[in-house]
Amino acid sequence: MLYRMINPPEISWIAILPVLLLSATAMLTMVADLWTDGPDREGLGWIGLVGLMATAIAAVALWNTKLTSFAGAVVVDRYGLFFTLLFCVAAGLTLLMSMSYLEQTDIRTGDYYSLILFSTVGMVVMATAADLIVVFLGLEVMSIAAYALAGIWRSQVRSNEAALKYFLLGAFATGFLLFGIALLYGVAGTTTLTGIAQTASGATAEQRTLLIAGMALMIVGFGFKVAAVPFHAWAPDVYEGAPTSVTALMAVGVKSAAFAAFARIFMHTLAVMSPDWSAVLWVLAVLTMTVGNVTALLQRNIKRMLAYSSIAHAGYLLVGMVAGGELGGSAILFYLLAYTLMTLGAFSVVIALGRRGQPNENLEDYAGAGFRSPFLGMAMSIFMLSLAGIPPFGGFVGKFYIFSAAVKSGYIGLTVIGVMNSLISVYYYVGVLVRMYMTDGGVEITQPSSRPYLFATLVVAVAGTIALGLFPSTLFEVARQSFLALG
Amino acid sequence: MNTGVFVLLATLLVVAALGVVLARSPIRSALSLVVALFFLAVFFLLLDAQLIAALQVIVYAGAIMVLFLFVIMLLNLQEHPAEMARAGLRFLAGTLASLFLLATIYFTNRSGISNAQGMGAIPDGFDSTAQIAERLFTQHLFAFELTSLLLLVAIISAVVLAKKKLA
């Protein structure tokens with residue numbers, strides 16, 4: 001017989017509906033760019049927002065299902081859908097703030113919007129992947145778009161530098177991840193997560209050694225993407241150099257997507273190996289929290305400060321992974337939601353203070369800002385206090401869940417270190433507020449109410465941060481159900 | 001595989017790989033890499049993986065190496081002085097890389113994977129294009145489709161960063 005038929009696997013199109021909608025929107029934005037011109041391309045942003053809305057609706061509609069598609073390469077469960085919704089919120093707010101921000105930059109290409117959406121497609125794929133190859137491809141789709149976005153402000157030298165640095169180090173880290181995947185494949189003979197879980201649960205001593213080596217390499221790869229110490233060296237320079245809206249997406253979306261895949265693989269697939277990996281993550285968590293917070297104290301540039309702050313928050317999230325179990329997992333999901341809203345909010349305030357040709361990113365520029373724009377002052381206060389973990393905001397509740405999970409699992413020492421770090425962080429977060437309200441000088445501010453898109457971003461972020469702090473139990477229940485859907 | 005043939009090829013491969021790292025001129029480094037990739041292809045041949053050997057030559061020794069050489073000539077890289085990084089850092093990096101290599105060898109040996117699975121009989125139809133195609137369109141269909149999206153994103157990114165019009 002010269003030829004034979006290949007029977008394609010059963011494909012559930014419904015299951016990949018969010019990915020399909022989002023990819024279609026990204027491509028539509030790319031094509032629509034041909035018919036738009038003029039200095040600002042808000043229309044493209046609107047297309048993106050509508051597409052994200054449709055994706056979110058699809059994700060909500062699928063909430064009560066658990067589907068696999070493409071021979072088990074994709075799994076749509078509540079865990080994946082929770083992250084899909086999280087990415088829709090993050091990308092939506094990023095688009096919204098970009099529609100105001102691009103006016104004050106020289107970025108005049110509509111591809112900016114499509115790249116943001118493509119990056120989001122990669123994030124969604126990572127969160128719903130049930131096969132290591134798909135995880136890798138999702139990571140690459142997300143990262144390559146992010147590399148280009150970091151350098152999209154081409155007339156700025158520091159944007160070029162950020163893109164190059166991010167690309168080189170990112171490619172290096174991807175190599176580690178791939179090496180780890182290859183070792184897991186070598187042990188299990190398959191790249192599907194279910195197959196690897198089966199092998200791991202009945203692993204012989206020889207297989208365990210190879211699994212441990214593979215896990216170590218994957219921790220390096222994911223550690224880079226979430227900016228965990230000692231794989232964080234790229235973060236401050238890249239966060240400072242990239243356009244602020246892109247920095248916001250990197251701090252929030254890229255980090256959450258990496259945690260989505262990281263937690264699915266380690267807390268679910270390789271859960272039986274947790275005695276082996278949790279000790280490593282314990283050390284990483286302590287290093288990440290401490291180095292992040294202590295270095296943040298020394299920063300004079302707000303974007304660098306927020307970069308170190310985002311490193312520190314990766315450390316708190318690692319505490320959740322070490323704690324493990326239902327409580328630790330749900331706490332990570334809840335924390336990521338709170339972190340997304342407050343961090344995006346803080347970056348919107350950074351944008352709000354900047355003007356064309358005058359980014360105003362030094363901490364001195366914040367002097368007196370609280371009086372010149374009471375709304376900005378109020379918003380920044382809420383975000384900073386929430387990031388510092390002060391009640392009654394979302395960040396406090398998130399930290400509370402994370403640390404109580406750690407205590408319940410018996411990691412008292414880790415909790416003490418975490419809480420002490422949290423106290424250190426109060427110094428630099430509140431330092432921003434002290435400048436805003438208690439020092440003179442500073443820069444002229446365009447009132448945010450005259451920039452509707454930015455204003456909308458800030459309102460949503462403020463409302464979300466407060467709502468998470470006041471009514472945490474509903475959302476924690478959602479997070480808990482999402483995490484339980486893994487098992 | 002004949003042990004004598006293996007030892008000979010392995011030695012040549014290692015020599016070529018050392019050439020990549022030790023050559024002073026970037027062109028020589030790149031050409032050593034071509035040699036190393038060819039020897040790797042021969043290994044695939046000896047392991048009865050003819051298709052992978054052919055792909056190795058076409059993709060790596062062919063397309064990717066042409067790109068390397070093109071970039072080197074475009075940037076007009078001359079012999080660069082060896083002290084690119086500080087000596088201490090180079091030593092540290094070398095030590096870490098060697099430790100990593102030793103650890104990999106140790107773990108792979110201890111895992112027994114080299115004896116248990118490497119010497120097994122080759123299944124029927126192994127490495128045929130038909131079998132690879134079947135895998136690609138069944139088990140890895142989603143990855144296959146996703147790769148097209150990845151390539152699209154890579155093209156857009158390259159164009160965005162390289163196109164002439166700045167404003």
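Just a few scattered comments:
- The residue that is surrounded by the most Cβ atoms within 10 Å (Cβ to Cβ), among those in region A:469-487 that are among the aliphatic types (A, V, I, L, M) and assigned to a helix (DSSP H, G or I), is A:479.
- Residues in region B:34-50 that are in a loop (DSSP other than H, G, I, E, B) and buried (at least 17 other Cβ atoms within 10 Å of the Cβ): B:49 alone.
- Only one of the listed residues (A:65, A:36, A:84) is more than 11 Å from every other protein chain (Cβ to nearest Cβ), more than 30 Å from residue A:451 (Cβ to Cβ) and hydroxyl-bearing (Ser, Thr, Tyr). That residue is A:65.
- Test: residue in region A:61-79 that is crowded, with 24+ Cβ neighbours inside 10 Å and more than 21 Å from residue A:15 (Cα to Cα): no
- Counted residues, region A:120-172 - those being hydrophobic (A, V, I, L, M, F, W, C), within 19 Å of residue B:160 (Cβ to Cβ) and either facing chain B (nearest Cβ under 7 Å) or in a helix (DSSP H, G or I) (or both): 17
- Test for residue B:31: is it of a type outside the set (Asp, Glu), open to solvent by less than 70 Å² (accessible area, probe 1.4 Å), under 17 Å from residue B:57 (Cβ atoms) and part of a helix (DSSP H, G or I): no
- Taken together, the residues in region A:16-33 that are surrounded by 19 or more Cβ atoms within 10 Å (Cβ to Cβ), within 11 Å of chain B (Cβ to nearest Cβ) and of a type outside the set (Ser, Thr, Tyr) amount to 6.
- Members of region A:184-210 that are of a type outside the set (Gly, Ala, Ser) and either assigned to a loop (DSSP other than H, G, I, E, B) or open to solvent by less than 30 Å² (accessible area, probe 1.4 Å) (or both): A:184, A:187, A:190, A:191, A:192, A:193, A:196, A:199, A:204, A:209, A:210
- Residue in region B:81-90 that is at pLDDT 85 or above and open to solvent by 90 Å² or more (accessible area, probe 1.4 Å) present: no
- The residues in region A:218-236 that are in a helix (DSSP H, G or I) and buried (at least 21 other Cβ atoms within 10 Å of the Cβ) can be counted, and the count is 9.
- Subset of region A:332-364 [acidic (Asp, Glu) and open to solvent by 30 Å² or more (accessible area, probe 1.4 Å)]: A:364
- Which numbered condition residue A:41 fails, given (1) open to solvent by less than 40 Å² (accessible area, probe 1.4 Å); (2) within 26 Å of residue A:347 (Cα to Cα): (1)
- Failed item in (1) at pLDDT below 85; (2) under 30 Å from residue B:28 (Cα atoms); (3) within 13 Å of chain A (Cβ to nearest Cβ); (4) open to solvent by 50 Å² or more (accessible area, probe 1.4 Å), with residue B:104 passing the rest: (4)
- Residue within region A:134-147 that is over 18 Å from the mean Cα position of the chain (by Cα) and buried (at least 24 other Cβ atoms within 10 Å of the Cβ) present: yes
- Residue check, residue B:141 within 13 Å of another protein chain (Cβ to nearest Cβ), at pLDDT 65 or above and open to solvent by 90 Å² or more (accessible area, probe 1.4 Å): no
- Subset of region A:102-133 (residues that are farther than 30 Å from residue A:73 by Cα and open to solvent by 10 Å² or more (accessible area, probe 1.4 Å)): A:102, A:103, A:104, A:106, A:108, A:109
The values are calculated or read from the model by the stated rules, or taken from the named source; none is laboratory data. Here the structure is a predicted model, which is why all the values come from computation and not from measurement. Don't worry about glycine lacking a Cβ; one is built from the backbone with ideal geometry, like all the others, and counts go over all protein chains shown. These area figures cover heavy atoms from the full protein model, side chains too; ligands, DNA and RNA do not enter into them. Shrake-Rupley method; radii C 1.70, N 1.55, O 1.52, S 1.80 Å.
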